[in-house]
Structures are given as C-alpha cells and as structure tokens.
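Novice: One structure follows; several queries about it will come next.
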Amino acid sequence: MNRDYLMFDIRRTLRNRRVLIFSILMPLVLFMIFGLTLPDDANEGGISAIAYVMVSMAMFGSMSAAMSSGGVIAAERDGGWNRTLRLTPLKPQAYVTTKVILSLLLAIPPLLVVFLFGLIVGHVHLDAGQWVTVALVSWLGALPFAAIGLVIGYVAKPDSVQPITGLATMLIAAFGGLWLPVDSMPSLMKHIAQLTPAYWTGLSSRSALTDSGLDMQALLVVLGWTVVLGFIGLRRYQADTARA
Amino acid sequence: MTTTTAVSLTGVTKKYGPVQAVAGVDLSIRAGEVVALLGPNGAGKSTTIEMLLGLVRPDQGSVQVYGGTPTDAIAKGQVGVMLQSGGIIEDAKVGELLNLVAGLHTNPMPVREALESAGIADLTDRKMKGLSGGQKQRVRFAMAILPQPDLIVLDEPTTGMDVESRRDFWASMHAETARGRTVLFATHYLEEADSYADRVVLMRNGKVVADGTSAQIKASVSGRTIRATVPGADLAAFASLPGVRNVETRGDVVLLQCADSDDTLRYLLNNTPAHDIEVTSADLEDAVLAISADSAYQERESLA
C-alpha cells in the first residue's frame, strides 16, 4: 500500500460527494421498503426478519460503494494516468492494495448508516458483541467487490463503466440473495446464488447473528473470490500501458 | 562502460499491424548528453521512446537503461518522464498531484522546488482541468524533474506552448541539464534541436538517418546558397556553371545552391547586373531536408 496515494484518492473522493451520498441513500431506501414493512414477529431461519433485511441491505450498500471505484479507475486510465504510474517505482501490488483499501473505506459509510438506522428506527436487538462482529464481517464482505470494481475499471471504457457497474451490482445483489432471501426461492435459484460472491458475503454476515457462530466456509469463499479477482486486477494493471 | 552509458538500444524494431513503426534503431546515449530525437510525425520517435521506457516491448533487439532493463531503472527512480499528453488526473489540484508523485518516489526533491523550477509555484491550488495546455505541460515537467532522476525523457515537451512559454520552458530545462542530467527529448522543431541539444538524432520512417552534433549534420550538407536580384537573368547559363547545383527563381530574385559559392559569386559580379547579393550557409533545416530527400531516394532505389 502507498500511503500518499491513498490520501490523494481519499481527498478526491471527499470532494466528489455525490457518489458517497448515493451509496448511502440506495441501501437506506431499500431497507425502508423491504424492512420497515415487515410484521414485528417475522423471522427468517431463526434471525428476526428485520435484522436479516438490515444485514442484507448493509451488504448491498457496502458492495455498491466498493464497486464504484471502477468508474474512477476507468476515467483515470482514459486520461493515460496508468502510464504515469508505470513510470514511477510504485509496485503493482501496492497499487492494487491501495485501490482495494480505498474501496473498503468507501464501504464504511453505508454500513454504518444502515446499521444505525436498523438500531434506532428498526429497533433491531443485538448484543454489543453481535453488533461488532456483524459490522466487521460485513465490512470484510466488501473485499471481493472492491476487487470486482478494480477489474471493471480495467475492462470497461469510461462511457460504459457506469451502466456496467450498475447492472453488475443489481444482478449480483438480486441473484446473490441480498434483496430477497434465497431460501424462499426455487432450488435452481439457490444454485445460481452460490455462484455469486454476494451469497457468501450475505451468509457470513448473517451467521454473525446466529448462535451457531461464524460460518467459516462462507468467509473462506469470500476471501477466495477476493484473491482471484485481485490477481486479475493486478494482471490488468500490469498489461495496461495505453496512451491517453 | 555500463556506468557511463545511460541508454543503449540495439537493433530495435516494432511493427503495428502492417506499419513498421521502428525499423532497426541503434542508439547509445552517454551519461550527461543532451540528445534531441528529431523527425516528422510518424518517424517513430514516440514508439522508440516507449520502448526505451519499457511501455512497449520491441519485436526484436534489446533495450538497456543504465545497464539494466527500463523497468529496473524506473523502479530505482533513475528516470523522469514527461509524456506528450495525458498522464495526469484532471480533477486533482496541481499541488496534490505533485505531492503524490513525490510520495511514489524514494528520493524526490521538495515539491516546492519542483514547482518553482517549472515556474508554476502560483498554480499549486488550481485544479488540473482549469489549466491551459502550456500550464499542463509545465506540471508534467515538474513531475519529470521531481524524482531527481539521472535521465530525463521528454516526448515533444513544448507541444501546445506559445513562443514565449516555449522559451521559458527551455530556460528551466537548461537549469536541469546544467546539473549534469542526461536528457533525451523528441521534437519536430528543428530550432529546439539546434539550440538545446548537444547531439541530434534524426529519424525518418522508423530509422536513424543522421546522428551527430547540429554542426556535424549541417556540415554533412556542404555548400552555400546565394540569393541575388538579377534582372533578365539567363537561368540556363547559371545552371551550366560548374559550381551550381540548383537554380530557383522568385521573380527577379535568383536562388543558387552552390557547391562552390566563390566562383559563382565571381561570375555573378563580373558578368551580370546582379545586386543585393546574400550568401548563406546551409542551416539545420536545409540539412534535414537534404538528408530526408536522400534517404527517400535510397529507399526508392532499394525497392526498385
């Protein structure tokens, strides 16, 4: 990781607040639609339904925030920025790590806001340990999407990166079971869901709410996705020397 | 040997589809030299520079920078590069961008110093996208000198600058070469190559067609040009003079390209009403035109 590069990107992100605000509003609105309309005693697999929806929406928010970095990367590449980076001693691994950490930071505001909303407005009851665990695991769940954002940034052109990111976010969230529980769908849908990283991030986050403890298998799949996608992003960075 | 050779290209070629962008270039640059890579658009200058920097892999041949690969030299911070266009982030401020570049290198000069050398200390808080083309070039220049590199590579650095900023730019550049840095710059401005380079490498159609000091290249095209007003001139008679290679007229004005200008001058003064006579030696432009015409002729011959 390069600290100066991270600070540079953070400063630019804070100046461009529209993306940040949007990444908070989307999951919040969806939470209100899906979560606050539930009957009080509803539950899903032993977890209160409102907590279930809260975690899913927090995951959705952190996921779309993490993936939004793709748009910035595509625009930078279009301006020939990658050539400049390639002509400095910055190591490719440091570049990828810096971008992934930036995405992880972007994922924090939607997580926090959705959890606070769930606590205050949704009256979700968890003990302190559960809050901390669910927040941390949900945050780690942004990792594979940070890597997806990186890869999209290297595959898409700047004029197509927004629709591609939008579509990818919706498909992954919908088919991965973040909007509606996969368990209530036909079994084919469950098989499809397991092919998306969102299914596993949702599973690992929700497992923090159960008594049976964290789902380590789900966490491992999440990390596996991160490593594979991060490696693809690294290779794309190394191959990209396009002129502006 | 390797300690004094900054750049060494050997038999380097690069083809893009059917286009032979670089057709076998050998070039060795000693530490401390200021070299101009001169040639028209499409001569292969940019591709040569891209191979030298490791951005493009040559089809054949080898590239060494300070005895290692370009990537190694860059990793050690030995190379500062000013690209022709792009390579910046438009929504960043000048100071932010320079601070970032400093943070990516191991031994940068203070950012303030780079900004001052490039004459843009007053632009620190301005966003890149609000700058003029010439101001952006200065930012790129500041980015190139910031790492205190041994070798500075500039690809058409003054493109988009007006005459005055071009002069200012070369004045700042001069301060860098005075520190003993090795400089390679691509240009299609003859005057820049003539004034600022110790050595001019002339490229055409992907090949080096001349390589030497500006004076040597000028001298390779011998002879002088006589310009005189000659009312009622007998052009055939001029053309048949032994010292004259070529005759042109513009109204009453006659331009005589001479291998031996003294004899021609004597003839003009003794036998014609010639007046307002000027004798000039070939400048770099004449030399470049002559060499280019010559190499084009040779290419046609070799094809035939």
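Novice: Could you work out how far apart the two model spin labels at residue A:33 and residue A:170 are, taking each label as a point 7 Å from the Cα in the direction of the beta carbon, and quote it in nm?
Specialist: Result for the modelled spin labels: 1.0 nm.
Novice: What is the Cα radius of gyration of segment B:188-304 over 2.2 N^0.38 Å, N being its residue count? Intermediate values should be presented prior to the final figure.
Specialist: Values: Rg = 16.7 Å, N = 117, 2.2 N^0.38 = 13.4 Å.
Cα-based Rg divided by the globular estimate yields 1.24.
Novice: As a footprinting exposure proxy, order B:162, B:194 by other Cβ within 10 Å, with the fewest listed first.
Specialist: Numbers: B:162 12, B:194 20.
Going from least to most buried by this count: B:162, B:194.
Novice: Can you list the equivalent-ellipsoid semi-axes of segment A:63-116, largest first and in whole Å, using the square root of 5 times each Cα gyration tensor eigenvalue?
Specialist: Values: eigenvalues 145, 32, 7 Å².
Its equivalent ellipsoid spans semi-axes of 27, 13, 6 Å.
Novice: Leaving out same-chain residues fewer than 8 places away, which lysines sit with a Cα under 23 Å from that of residue B:136?
Specialist: B:45, B:93, B:127
Novice: If I build a Gaussian network model for chain B, linking alpha-carbon pairs within less than 10 angstrom, which residue out of B:141, B:169, B:238 has the largest mean-square fluctuation?
Specialist: Between B:141, B:169, B:238, it is B:238 that shows the largest mean-square fluctuation.
Novice: Compute, for the protein assembly as shown, the length of the dipole vector about the Cα centre, with Cβ point charges of +1 (Lys, Arg) and -1 (Asp, Glu) only. Units Debye, rounded to 20. Don't jump to the answer; show the numbers that get you there.
Specialist: On the way: 45 positive and 51 negative charges, 226 e Å.
Once rounded to the nearest 20, the dipole reads 1080 debye.
Novice: For chain B, give the share of DSSP beta bridges that are antiparallel, in percent and rounded to the nearest 5; count only bridges with both residues there.
Specialist: Values: 38 of 56 bridges.
Of all bridge pairs located within chain B, approximately 70 percent are antiparallel.
Novice: Follow-up. Quick one: compute a quarter of the convex hull surface over the Cα atoms of segment B:51-137 and quote it in nm².
Specialist: Numbers: hull surface 26.2 nm².
The Cα convex hull of segment B:51-137, projected and averaged over all directions, gives 6.5 nm².
Novice: While we're looking at this one, here's another question. Between segment B:196-228 and segment A:154-187, what's the alpha-carbon centroid distance in Å?
Specialist: After rounding, the separation between the Cα centres reads 62 Å.
Novice: Pop a pseudo-label 7 angstrom from the Cα along the beta-carbon direction at both residue A:21 and residue B:259 and give the gap in nm to one decimal.
Specialist: Distance between the two pseudo-spin positions: 8.0 nm.
Novice: So which aspartates and glutamates can residue A:190 reach, going by Cα to Cα under 18 Å and dropping same-chain residues fewer than 8 places off?
Specialist: Within the straight-line limit of under 18 Å, residue A:190 reaches these aspartates and glutamates: A:44, A:215.
Novice: To continue, here is another question. Leaving out same-chain residues fewer than 8 places away, which aspartates and glutamates sit with a Cα under 19 Å from that of residue B:76?
Specialist: List returned: A:4, B:50, B:150.
Novice: Let me ask something else about it. For segment A:85-244, take the convex hull of the Cα atoms, compute a quarter of its surface area, and give me that in nm², please. Walk me through the intermediate numbers first.
Specialist: On the way: hull surface 45.3 nm².
Here the figure is 11.3 nm², rounded to one decimal.
Novice: For residue B:178 and residue B:250, compute 0.36 nm times the residue count separating them, minus their Cα-Cα distance, and round to one decimal in nm.
Specialist: Values: separation 72, 0.36 × 72 = 25.92 nm, distance 4.48 nm.
In short, 21.4 nm is gained.
Novice: Only bridges with both residues in the protein assembly as shown count here: give the DSSP antiparallel percent, nearest 5. Write down the numbers at each step before the final one.
Specialist: On the way: 40 of 58 bridges.
In the protein assembly as shown, DSSP labels about 70 percent of beta bridges as antiparallel.
Novice: Let's see if you can work this out: charge +1 on each Lys and Arg Cβ, -1 on each Asp and Glu Cβ, no other charges. What is the dipole magnitude of segment B:5-218 about its Cα centre, in debye to the nearest 20? Can you show the working numbers first?
Specialist: On the way: 22 positive and 24 negative charges, 72 e Å.
Taking the Cα centre of segment B:5-218 as origin, the dipole is about 340 debye.
Novice: Also: ³J(HN,Hα) across segment B:194-206 via Karplus (A = 6.51, B = -1.76, C = 1.60, θ = phi - 60°), whole Hz, x for Gly/Pro?
Specialist: Couplings: 5, 7, 10, 9, 6, 9, 10, 10, 9, 10, 8, 6, x Hz.
Novice: Right, next: Per DSSP helix of 4 or more residues, -39500 (n - 2.57); summed, then divided by the residues of chain B. What does that give at 222 nm, rounded to the nearest 500?
Specialist: Values: 11 runs with 111 residues, N = 304.
So the helix-based figure for chain B works out to -10500 deg cm²/dmol.
Novice: For residue B:60 paired with residue B:107, estimate the spin-label separation in nm (one decimal), with each label point 7 Å from Cα along the Cα-to-Cβ line.
Specialist: Inter-label distance under the simple model: 3.8 nm.
Novice: Next question. Roughly what angle does helix B:133-145 make with the longest principal axis of chain B, taking Cα atoms, 0 to 90 degrees, to the nearest 10?
Specialist: 60 degrees
Novice: Can you tell me the mean projection area, over all orientations, of the convex hull of segment B:222-281's alpha carbons? Units nm², please. Before the final figure, lay out the partial values.
Specialist: Values: hull surface 13.8 nm².
Over every viewing direction, the Cα hull of segment B:222-281 projects on average to 3.4 nm².
Novice: Mind pulling the angle between the C-alpha long axis of helix A:143-155 and the longest principal axis of chain A? Nearest 10 degrees, somewhere in 0 to 90.
Specialist: That works out to roughly 40 degrees.
Novice: Please work out the ratio of the alpha-carbon Rg of the protein assembly as shown to 2.2 N^0.38 Å and round it to two decimals. Can you show the working numbers first?
Specialist: Details: Rg = 32.6 Å, N = 548, 2.2 N^0.38 = 24.2 Å.
The protein assembly as shown yields a ratio of 1.35.
Novice: Follow-up. Would you mind checking which residues have amide H under 5 Å from residue B:210's amide H? H placed 1.01 Å from N; only 5 or more apart, or other chain.
Specialist: When sequence neighbours closer than 5 places are left aside, the close amide H contacts are B:202.
Novice: Could you please state, rounded to a whole Å, how far the C-alpha centre of segment A:59-128 is from the C-alpha centre of segment B:65-79?
Specialist: 33 Å
Novice: Specify the residue with the greatest mean-square fluctuation among B:111, B:208, B:247, computed from a Gaussian network of chain B linking alpha-carbon atoms under 10 Å apart.
Specialist: Most flexible of the set in this elastic network: B:247.
Novice: Calculate how steeply helix B:284-303 sits against the longest principal axis of the alpha-carbon atoms of chain B, using the helix alpha-carbon long axis, and give the answer as 0 to 90 degrees to the nearest 10.
Specialist: Tilt of helix B:284-303: around 90 degrees.
Novice: Once you've got the GNM for chain B with C-alpha springs shorter than 10 Å, pick whichever of B:277, B:217, B:152 has the biggest mean-square fluctuation.
Specialist: B:277
Since every read-out is calculated from the coordinates, none of them should be taken as a lab result. None of these values were measured; they are calculated from a predicted model. Ideal geometry is used to build each Cβ from the backbone, glycine not excepted, and the neighbour counts take in all protein chains shown.
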